[in-house]
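See structure below.
FYI, it's all coordinate maths here, none of it is from the lab. Note that the coordinates shown come from a computational prediction; the quantities given were computed from them, not determined experimentally. Note that we place each Cβ from the backbone using ideal geometry, even for glycine, and neighbour counts take in every protein chain shown.
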Amino acid sequence: MKKMFDVTFCLCFWSLFGVFGVETDVLESVSVTEGDSVTLKNNDTEILRDDGIMWTFGPKQILIAHIKREAKNVINDAADGRFRGRIQLDQTGSLTITDTRTTDSGQYNVTTKSKETLLKIFTMTVYAHLPVPVIISRNSSQCSSSSICVLVCSVVNVTQVTLSWYKGNRLFSSVSVSDLSSTVSLHLELEYQENNIYSCVINNPIINQTKHLNITEVCQTCSEDYTCGYGFTEAVIRLVVSGLVGVAAVAVLVYDVRSKSVGQERREQTTSLK
């Protein structure tokens, strides 16, 4: 029983040491935008004289590049093919990745060739380019007699982002997503007469895109000559009625003119008979 306890204790201690036993100066986080180039620097160049180094990637620590101690040659292995043609390893042991992709995100370990010493751990995150947010009004298809305009700011196909409404420089509301989302949207209600400056911003830890709100373009109020509160059908009825009234007025005018003309003719005939 005691032996089992000793073995369990040793295993747990070894596991904890594997997680927490790494010195903080060995860990480094790197963030880049998709398409950029990044260099993961090896600071311990002295090790190349004695052992050489190797770079591995991902949870399975796939070998992607190494320097042989004997010939000091740069070898690009790229065992899984994902880095083929996009990595370079210089004579200092620093690794450069060009044309970065979101699939390049992950952990990179640089160790001595004999694997006896862990030199550095890089945790890299590659963020996709962000689209410019789109602002629409829910009642923008026709003007509204309401005093409130309902706006929707949205983006599509994004991950690890925050979408926010700002009123001037002050955060008004926000929503965050971590997984890939087909659509992310955020609502805003304001009065048509409001003259504050609003903007919709999408951002991740390193970049952002902003769309400023022009309320006169997005939210349309009704003109004085057209009252939207009546609706389309009632507006047509009002137009037809107005037309009929106009026709009636013209008919009355014509009748009045003809009546006066007939009366004048009769008076002239009466005068001539006398």
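Among residues of the stretch 89-100 that are within 19 Å of VAL126 (Cα to Cα) and in contact (Cβ under 8 Å) with a residue 12 or more places away in the chain, those with a Cβ under 8 angstrom from a residue that is among the polar types (S, T, N, Q) and crowded, with 17+ Cβ neighbours inside 10 Å, sequence gap 6+ or separate chain, pair up as SER94/ASN42; LEU95/ASN42. If you filter the stretch 35-53 down to residues that are among the charged types (D, E, K, R) and within 19 Å of ILE64 (Cβ to Cβ), you find that the one that is surrounded by the most Cβ atoms within 10 Å (Cβ to Cβ) is ASP51. Within the stretch 173-196, track down each residue that is in a loop (DSSP other than H, G, I, E, B) and over 16 Å from ILE148 (Cα atoms). If the condition is that a residue be in a loop (DSSP other than H, G, I, E, B) and over 16 Å from ILE148 (Cα atoms), then SER178, ASP179, LEU180 are the ones that fit.
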